[in-house]
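Engineer: Quick one: the structure is below, and I'll ask about it shortly.
The values are calculated or read from the model by the stated rules, or taken from the named source; none is laboratory data. Given the structure is predicted, the values throughout are model-derived calculations rather than measurements. We place every Cβ from the backbone using ideal geometry, glycine too, and count neighbours over all the protein chains shown.
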Amino acid sequence: MQVVRHRRFVKQAKKLPIALRLKARERVELLMRDARHPLLNDHPLHSPYDGCRSINITGDYRVVYRKITPDIIELRAIGTHPELYGD
């Protein structure tokens, strides 16, 4: 599986502590191996992220991604639940 990073994701990831970036990388690798793994809590999203999905990085941090093809995912955004969804 190939991973593409949206420029928004890259910008947001650069602002995170290194430990959190490494944890995100681990979870994305887990997603590529086993998208149904319970640690990920992979689920579809609705507006403003129609067509995207979300996985858990930590208790509060999420990665928003979308499947471009069955073999390519695009990482769209990373941040806390309130940062991403405005809650």
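Engineer: Report yes if some residue within the range 6-22 is in a helix (DSSP H, G or I), under 13 Å from ASN56 (Cβ atoms) and modelled with pLDDT of 95 or more; otherwise report no.
Structural biologist: Within the range 6-22 (the criterion being in a helix (DSSP H, G or I), under 13 Å from ASN56 (Cβ atoms) and modelled with pLDDT of 95 or more), the answer is yes, since at least one residue qualifies.
Engineer: Would you mind stating whether HIS37 is touching a helix residue (DSSP H, G or I) at 6+ places or on another chain (Cβ under 7 Å) and at pLDDT 95 or above?
Structural biologist: When the stated conditions are applied, HIS37 passes them.
Engineer: Okay, next question. Which residue pairs have Cβ atoms under 7 Å apart, sit 6 or more places apart or on different chains, and have a first residue in the range 1-28 that is farther than 13 Å from ALA77 by Cβ and a second that is part of a strand (DSSP E or B) and not aliphatic (A, V, I, L, M)?
Structural biologist: VAL4/GLU74; LEU20/TYR61
Engineer: Count, please, the residues in the range 66-87 that happen to be assigned to a helix (DSSP H, G or I) and either under 15 Å from HIS43 (Cβ atoms) or modelled with pLDDT of 95 or more (or both).
Structural biologist: 3
Engineer: Condition first: more than 20 Å from LEU20 (Cβ to Cβ) and without any contact (Cβ under 8 Å) to a residue 24 or more places away in the chain. Now tell me which residues in the range 56-87 satisfy that.
Structural biologist: Those that are more than 20 Å from LEU20 (Cβ to Cβ) and without any contact (Cβ under 8 Å) to a residue 24 or more places away in the chain: ARG66, LYS67, THR69, PRO70, GLY86.
Engineer: Now a separate question. Those residues that are touching a residue at least 12 places away in the same chain (Cβ under 8 Å), of a type in the set (A, V, I, L, M) and surrounded by 14 or more Cβ atoms within 10 Å (Cβ to Cβ), I need them from the range 29-43; list them, please.
Structural biologist: LEU31, LEU40
Here is a yes/no grid of residues against (1) farther than 16 Å from ARG7 by Cβ; (2) among the hydroxyl-bearing types (Ser, Thr, Tyr); (3) surrounded by 14 or more Cβ atoms within 10 Å (Cβ to Cβ):
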residue: LEU45; (1), (2), (3): yes, no, yes
residue: ARG53; (1), (2), (3): yes, no, yes
residue: THR58; (1), (2), (3): yes, yes, no
residue: VAL63; (1), (2), (3): no, no, yes
residue: ILE68; (1), (2), (3): no, no, no
residue: ILE72; (1), (2), (3): yes, no, no
residue: ALA77; (1), (2), (3): no, no, yes
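Engineer: What pairs come up if the first residue lies in the range 44-55 and is farther than 12 Å from TYR85 by Cβ, the second is in a loop (DSSP other than H, G, I, E, B), and their beta carbons are under 8 Å apart, counting only those six or more places apart or on different chains?
Structural biologist: If the second residue must be in a loop (DSSP other than H, G, I, E, B), the pairs left are PRO44/CYS52; ARG53/ASP42; ARG53/LEU45; ILE55/LEU40; ILE55/ASN41; ILE55/ASP42.
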